[in-house]
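J.: Submitted below is the structure of interest, expressed as structure tokens.
The values are calculated or read from the model by the stated rules, or taken from the named source; none is laboratory data. Remember, it's a predicted structure, so these values are computed and weren't measured experimentally. Here Cβ is always computed from backbone atoms with ideal geometry, including for glycine, and neighbour counts include all displayed protein chains.
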Amino acid sequence: MARRPKDDGTAFETMCVKIFAAHGLLARRLALAGSRDEGDLELHVNGLRCIVECKTREALSAHDAYAQAKAKATDGTPVLLAWRRLKPLTEGRRRRTPVGTLVLMDLPTLFRLLGREGGGAL
């Protein structure tokens, strides 16, 4: 039986928290908060609190998804978008399999995480 997309998303969020923790980073899933929902995960990097929005799907408009994630986060909080791309379903396959995972951010966020302020949009 195929899993629901929501279950895949929850499993991906949990996997991200475990991977971050395995690399010595403090991360936790955030509870849904309705209109005050900031994102899926809270991640701390070099003393900086970040919000991570996790998406697991076949196709994604990265710029649009990132803009939506940034709009949900509180002012000034760095935002990362983790996208686990899935292969399209083909005849005979009932489960989508992952192709790979990308973590996306804008340049100012990258420079903040590196401990360097600045860096404008390209």
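J.: With respect to Thr77, is the statement that it is out of contact with any Ser or Thr (no Cβ under 7 Å at 6 or more places or on another chain) and assigned to a strand (DSSP E or B) true?
T.: So Thr77 fails the test.
J.: So Phe12 ticks every box in (1) modelled with pLDDT under 95; (2) surrounded by 13 or more Cβ atoms within 10 Å (Cβ to Cβ); (3) out of contact with any Ser or Thr (no Cβ under 7 Å at 6 or more places or on another chain); (4) not aliphatic (A, V, I, L, M) but one. Which box is left unticked?
T.: Among (1) modelled with pLDDT under 95; (2) surrounded by 13 or more Cβ atoms within 10 Å (Cβ to Cβ); (3) out of contact with any Ser or Thr (no Cβ under 7 Å at 6 or more places or on another chain); (4) not aliphatic (A, V, I, L, M), the lone unmet condition for Phe12 is (3).
J.: State all residues of segment 51-76 that are in contact with a Gly (Cβ under 9 Å, 6 or more places away or on another chain) and under 22 Å from Arg112 (Cα atoms); if no residue qualifies, say none.
T.: Once the filter is applied, which keeps residues that are in contact with a Gly (Cβ under 9 Å, 6 or more places away or on another chain) and under 22 Å from Arg112 (Cα atoms), segment 51-76 yields Ile51, Val52, Glu53, Cys54, Ala69, Lys72, Ala73.
J.: Give segment 87-111 a look and list any residue that's surrounded by fewer than 18 Cβ atoms within 10 Å (Cβ to Cβ), more than 12 Å from the chain's Cα centre (by Cα) and outside any loop (DSSP other than H, G, I, E, B), or say none.
T.: Pro98, Val99, Gly100, Leu107, Pro108, Leu110, Phe111
J.: Taking segment 30-49 as the search range and keeping residues that are closer than 17 Å to Asp75 by Cα and at pLDDT below 85, which one is surrounded by the fewest Cβ atoms within 10 Å (Cβ to Cβ)?
T.: My answer is Ser35.
J.: In the set Ala27, Ala22, which member is over 15 Å from the mean Cα position of the chain (by Cα) and either surrounded by 11 or more Cβ atoms within 10 Å (Cβ to Cβ) or at pLDDT 95 or above (or both)?
T.: That would be Ala22, the only listed residue that is over 15 Å from the mean Cα position of the chain (by Cα) and either surrounded by 11 or more Cβ atoms within 10 Å (Cβ to Cβ) or at pLDDT 95 or above (or both).
J.: If you go through segment 30-83 one residue at a time, how many are β-branched (Val, Ile, Thr) and under 19 Å from Phe12 (Cβ atoms)?
T.: The total comes to 4.
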